[in-house]
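Structure first, commentary second.
The values are calculated or read from the model by the stated rules, or taken from the named source; none is laboratory data. Everything numeric in this text was worked out from a predicted model, so none of it was measured. For neighbour counting, all protein chains shown are included, and Cβ atoms are generated from backbone atoms with ideal geometry for every residue, glycine included.
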Amino acid sequence: MTETQPSLSQHLPSGTTCWIVTNGMAGFEMQAVGVTEALGLTPELKRVRPPAPYKWMAPWGPAAANESIAAPWPDIVIASGRQSIPYARKIKKASGDKTFVAILQNPKVTPSQFDLVWAPEHDQLTGRNVLSTLTAPNRITPEMLAKAAGELSQRYAALPEKKIAVVLGGPNKVYQFSADDMANLAKTLRKLAERENAGLMVTTSRRTTAEATAVLREELRSVPHDIYDALSDAPEDNPYPGLLGLADAIVVTCDSHNMVGEAAVTGKPVYVVELEGGSPKFRRFLKALYVNNVARQFDGLLETWSYAPLNATQEIATAIAAAYNRKQVSD
């Protein structure tokens, strides 16, 4: 586990150039942007969406032609997602191994093809150049949380002093989250708010169905609450970082590694709502959080405990900076 905001052991030279290469999916891109921000870099975003048959052959096959992937080559490439892997290999070869290539997430090919690979611990990937952390990189920082909390204090001023953040996802490939599931969760949240005299700061995601959100609104109408609806409210009104910063505790559904990991950056009690379904990787991830006393399964009760805030982003950035500088010396 990592503590919040460790300083970079080595800094990058001034003027270091960087590309982020992904297929444009928000999850991949957000993680890579978070790492470049920690490195102090302003990256150029390269979104690659190879046509068939190249997309079927990724990550093992060659890269399809893409006019945006061309010299002059950057000093550093951070690539994420299987569609990006052929391009990462191409850049490394075309640059004469001058470009430092870091991969975020398991590349599904031999890690030794790249300079550094980060993968979450639950992937169980090993190698001499593989770094693993319990949670994933993200863009959440203590400074962001404090700033956003101050900006949102008026929005939540009418809520009781004790505030609980509720971060809700939705059904995906491995988890179910029906309207009935939401009804059960909402009843538990209502009882918790009544018992603790607490306000609920709720945010849904794009995967939270409109039906489930309607059920949530109805069930919570008798207790102090505020709901940001990701399907109908303006994106610029999203209070997500601020409610994490203001919360005394965080309740988050288990369907997203990123949502759970971002909650753990705060160092505040994190309660995980376990949904029906899952996978061995999700189970390993949640078990590690529970064993390390970072999070607990949500049972409707509120407790207080402490842990060192997790900050995988800084650990990955530190590793990239150190490895990049070592390579420059050796070259």
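Total residues in the stretch 303-323 satisfying the condition of being among the polar types (S, T, N, Q) and part of a helix (DSSP H, G or I): the figure is 3. Filtering Leu45, Leu41 for residues that are assigned by TED's automatic domain parsing to the domain that holds Asn325, more than 14 Å from the chain's Cα centre (by Cα) and assigned to a strand (DSSP E or B) leaves a single hit, Leu45. Restricting the first member to the stretch 106-132 and to residues that are on the phi > 0 side of the Ramachandran plot and in the same structural domain as Lys90 (by TED's automatic domain parsing), and the second to residues that are in a helix (DSSP H, G or I) and surrounded by 17 or more Cβ atoms within 10 Å (Cβ to Cβ), the beta-carbon pairs closer than 8 Å and six or more apart or on different chains are Lys108/Arg82; Lys108/Ile85; Gly127/Pro111. Look at the stretch 68-95: where a residue is in the same structural domain as Pro51 (by TED's automatic domain parsing) and at positive phi and a partner is of a type in the set (Val, Ile, Thr) and buried (at least 24 other Cβ atoms within 10 Å of the Cβ), sitting 6+ places away or on another chain with Cβ atoms under 6 Å, you get Gly81/Thr22. Pairs linking a residue in the stretch 230-251 that is without any contact (Cβ under 8 Å) to a residue 40 or more places away in the chain and on the phi < 0 side of the Ramachandran plot to a residue that is in a strand (DSSP E or B) and surrounded by 14 or more Cβ atoms within 10 Å (Cβ to Cβ), with Cβ atoms under 8 Å and 6 or more positions apart or on different chains, are Ala230/Thr203; Asp237/Tyr228; Asn238/Thr203; Asn238/Tyr228.
Within the stretch 91-108, being in contact with a strand residue (DSSP E or B) (Cβ under 8 Å, 6 or more places away or on another chain) and outside any helix (DSSP H, G or I) holds for Thr99, Phe100, Val101, Ala102, Ile103, Leu104, Gln105, Asn106, Pro107.
Screening the stretch 109-125 for residues that are part of a loop (DSSP other than H, G, I, E, B) and over 20 Å from the mean Cα position of the chain (by Cα) and picking the one that is surrounded by the fewest Cβ atoms within 10 Å (Cβ to Cβ) gives Thr110. Among the helices (runs of 4 or more DSSP H) confined to the stretch 134-237, the ones with at least 2 residues that are farther than 22 Å from Val270 by Cβ and of a type in the set (Gly, Ala, Ser) are located at 179-196, 210-220.
A quick yes/no check of all residues on (1) touching a helix residue (DSSP H, G or I) at 6+ places or on another chain (Cβ under 9 Å); (2) surrounded by fewer than 21 Cβ atoms within 10 Å (Cβ to Cβ); (3) not basic (Lys, Arg):
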position	(1), (2), (3)
Asn106	yes, yes, yes
Gly127	yes, yes, yes
Ala149	yes, yes, yes
Arg155	yes, yes, no
Val166	yes, no, yes
Lys173	no, yes, no
Gln176	no, yes, yes
Ala183	yes, yes, yes
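Summed over the stretch 249-302, the residues that are assigned to a loop (DSSP other than H, G, I, E, B), of a type in the set (Asp, Glu) and either under 22 Å from Glu143 (Cα atoms) or touching a Gly at 6+ places or on another chain (Cβ under 7 Å) (or both) give a count of 1. Number of residues in the stretch 129-147 that are more than 25 Å from Glu196 (Cα to Cα), surrounded by 18 or more Cβ atoms within 10 Å (Cβ to Cβ) and touching a Ser or Thr at 6+ places or on another chain (Cβ under 7 Å) equals 3.
Among the residues of the stretch 10-27, those that are at pLDDT 95 or above and not in a loop (DSSP other than H, G, I, E, B) comprise Cys18, Trp19, Ile20, Val21, Thr22.
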